[in-house]
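Quick notes on the structure that follows.
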Amino acid sequence: MKESERFVIGFKGLSLGEHVFEYQIDADFFTRMKNEELQDGDVQVKVFVEKSERLLSVRVESKGVLNTHCDRCLGDLKVPVDISEQVYVKFGDETREEADNVLIIADSSPQYDMSRMINEMLLLAKPMKAVHSQIGDDVCEASMIRKMEEYSEKREVDPRWAALQGIKDKLSNK
Ligand SMILES: [Zn+2]
């Protein structure tokens, strides 16, 4: 079975009861998903499917680290991930997300590729601003910070530009 096919779960064909699917998320996964924000990591994902006569519920647990870059010094940064999400699956005319935690799967093609959902969850797990904690050896690269400070000093607002901006503001307040 191809790695990408492992993520496809045939929900309709599953027997009643609990099923567990396990995935290892790494650089290959993010490359396949064309994820530009996340390129590397080491995350264990477990998908628990609970199927009863009346309900199909899916819990996705992700634990590990995402390798990203610090928004302050641009150096390598590891962001811990420990998330759990619950989704309910229903069958309908077409595959779509009905609400945040309700997934409709087309009756005609009753399987679902979990890789998209996992990819989105990991993207959301990454903080908007990811920076080194400055604790222990999780610190910013000092040389990079110095370089950026020098750069931003050079870009201090030009007085002529500030004057123009003042005129523009006045015009737009009319
Ligand atoms: Zn940093």
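The values are calculated or read from the model by the stated rules, or taken from the named source; none is laboratory data. Note that the structure is a prediction, hence the values are computed from the model and not measured. As a convention, Cβ positions derive from the backbone with ideal geometry for all residues, glycine included, and neighbour counts pool all protein chains shown.
General observations
- Restricting segment 74-123 to residues that are within 30 Å of Ile145 (Cα to Cα), aliphatic (A, V, I, L, M) and touching a strand residue (DSSP E or B) at 6+ places or on another chain (Cβ under 9 Å), the residue that is farthest from the ligand (Cβ to nearest atom) is Leu122.
- Odd one out for Cys70, checked against (1) buried (at least 19 other Cβ atoms within 10 Å of the Cβ); (2) away from the ligand (no atom under 16 Å from the Cβ): (2)
- Which listed residue is among the β-branched types (Val, Ile, Thr), in contact (Cβ under 8 Å) with a residue 40 or more places away in the chain and in contact with a Gly (Cβ under 9 Å, 6 or more places away or on another chain), from Ile105, Ile145: Ile105
- All conditions in (1) modelled with pLDDT of 95 or more; (2) loosely packed, with under 13 Cβ neighbours inside 10 Å hold for Glu53, with the sole exception of (1).
- Answer residue from segment 131-151, given it is assigned to a loop (DSSP other than H, G, I, E, B) and of a type outside the set (A, V, I, L, M, F, W, C) and is farthest from the ligand (Cβ to nearest atom) among those: Gly136
- Residue that is farthest from the chain's Cα centre (by Cα) [pool: residues in segment 6-27 that are in a helix (DSSP H, G or I) and closer than 21 Å to Leu123 by Cα]: Arg6
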